[in-house]
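Heads up, the thing below is written out as structure tokens.
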Amino acid sequence: MPGHEPRILLPASLDADAFYRRDPAARLIALSGRTMGTTWSAHLVAGTIPAERLQAAIQAELDQVVAEMSHWEAGSDLSRFNRAAPGSWHSLPSGFFAVLDTALEQAGATGGAFDPTIGALVDLWGFGAKPAPLVPPSEAAIAAALARTGWKGIEIDRHARRARQPGGVALDFSGIAKGYGVDRVTGCLRAHGIADYLIEVGGELSGAGIKTDGQPWWVDIEAPPGAGLPATRAALHGLSIATSGDYRRFFDHDGRRYAHSLDPRSGRPIGNGLASVAVLHAQCMIADALATALTVLGREAGLAHAAQHGIAALFVERTTSGFSESLSPALAAMAD
């Protein structure tokens, strides 16, 4: 908002080595591409590694995420799992298993506000890969989709890295896969000896180290259109940001907006007044899942969960008088 200074968020600790390892000859390069139905971008402080090599390496990592976890690709590992026979066990690729394991952990921690088995509901409401009319479904259809939903029905065997399809359950990693993709790219860059970068996949970001001018990677947290709130600017120095918002995908019917943020417990789009939730965390995959879960929980329960677990989160709520913000204690501490 004009006339307002941005709120500045700083990480709890700084990597002092980032400032000592600065190479005056290092160059800042920008790369980009497409993945998961959206775009990715990377800003890197690189040495002698050719940009084309880094471009190819990043794209390969993200292509592997799609091959394993896309519910839009019929040949993906996830799609094959969703079609599998009831009671069958399936060995999973390491990335797929890591995402499923984390998703189930977050489902348990949030009382099912985050649920990776929400695929049938996503398709029913018209937000998935299957064509569907953009109208509210019937109560019977919602009940039928809910009967195919439930994270507790998924059994996993960590030792053998496999999972059991209970029958009819449709996994959907839309609330976590982009964040995982970001983490996967950061791992790739570190394997190439790059420690200073800003990575973005479909609006989820992660930054480490510093730019060539010695500054950290400053990023403004995404705000709902027309919110008119002062900017919140974070130094992504060993941090990731993920944002969930009701303005990204939705449809209107009979004067009411139905957002793509579904409550797995009720089988319906949320109606708790939250316009967006942004979460800062060291791992983008966890930030992604938490942003989704806190949005479903709503401001009051979401703030309580964030306070209990030390989660840095910014809530933006629609009210009759406009938009209002709420900061979790961990986020407020970053602004002190």
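The set of residues from region 94-115 being within 13 Å of Gly179 (Cβ to Cβ) and of a type outside the set (Phe, Trp, Tyr) comprises Gly95, Ala98, Val99, Thr102, Ala103, Gln106. Number of residues in region 101-149 that are surrounded by fewer than 21 Cβ atoms within 10 Å (Cβ to Cβ), β-branched (Val, Ile, Thr) and assigned to a loop (DSSP other than H, G, I, E, B) equals 1.
Within region 216-228, is there a residue that is among the acidic types (Asp, Glu) and either out of contact with any His (no Cβ under 7 Å at 6 or more places or on another chain) or within 27 Å of Ala30 (Cα to Cα) (or both)? Yes, that holds for at least one residue.
Just so you know, in region 123-149 the residues that are at pLDDT below 95 and of a type in the set (A, V, I, L, M, F, W, C) include one that is nearest to the chain's Cα centre (by Cα), and it is Phe127. Within region 170-227, can you find the residues that are in a strand (DSSP E or B) and more than 17 Å from Ala42 (Cβ to Cβ)? Asp220 - this is the single residue of region 170-227 that is in a strand (DSSP E or B) and more than 17 Å from Ala42 (Cβ to Cβ).
Among the listed residues Ala42, Ala67, identify the single one that is at pLDDT 95 or above, surrounded by 15 or more Cβ atoms within 10 Å (Cβ to Cβ) and part of a strand (DSSP E or B). Full working, then the answer.
Numbers: Ala67 fails: part of a strand (DSSP E or B).
Selected residue: Ala42, the only one of Ala42, Ala67 that is at pLDDT 95 or above, surrounded by 15 or more Cβ atoms within 10 Å (Cβ to Cβ) and part of a strand (DSSP E or B).
Give the residue that is nearest to Ala160 (Cα to Cα), with candidates limited to residues of region 88-126 that are out of contact with any helix residue (DSSP H, G or I) (no Cβ under 6 Å at 6 or more places or on another chain) and of a type in the set (Asp, Glu). Of everything passing the filter in region 88-126, Asp101 is nearest to Ala160 (Cα to Cα). Among helices (runs of 4 or more DSSP H) entirely within region 233-336, having at least 1 residues that are closer than 30 Å to Gly128 by Cβ and within 17 Å of the chain's Cα centre (by Cα) singles out 284-297, 299-309. Within this structure, Lys152 fails the test of being assigned to a helix (DSSP H, G or I), out of contact with any Leu (no Cβ under 6 Å at 6 or more places or on another chain), crowded, with 24+ Cβ neighbours inside 10 Å and at pLDDT 95 or above. Within region 298-323, can you find the residues that are within 15 Å of Asp246 (Cα to Cα) and either in contact with a strand residue (DSSP E or B) (Cβ under 7 Å, 6 or more places away or on another chain) or free of Cβ contacts under 8 Å to residues at least 12 places away in the same chain (or both)? Selection gives Gly298, Arg299, Leu314, Phe315, Val316, Glu317, Arg318, Phe323.
Before we move on, is Thr295 in contact (Cβ under 8 Å) with a residue 24 or more places away in the chain, among the hydroxyl-bearing types (Ser, Thr, Tyr) and buried (at least 24 other Cβ atoms within 10 Å of the Cβ)? Criteria met by Thr295.
The number of residues in region 146-184 that are under 16 Å from Ser94 (Cβ atoms) and among the β-branched types (Val, Ile, Thr) comes to 2. Only one entry in Leu14, Leu28 is touching a His at 6+ places or on another chain (Cβ under 7 Å), more than 30 Å from Ala147 (Cβ to Cβ), part of a loop (DSSP other than H, G, I, E, B) and aliphatic (A, V, I, L, M), namely Leu14.
The values are calculated or read from the model by the stated rules, or taken from the named source; none is laboratory data. Bear in mind that the values here come from a model prediction, so they are computed numbers and not experimental data. Cβ: placed from backbone, ideal geometry, glycine included. Neighbour counts: every protein chain shown.
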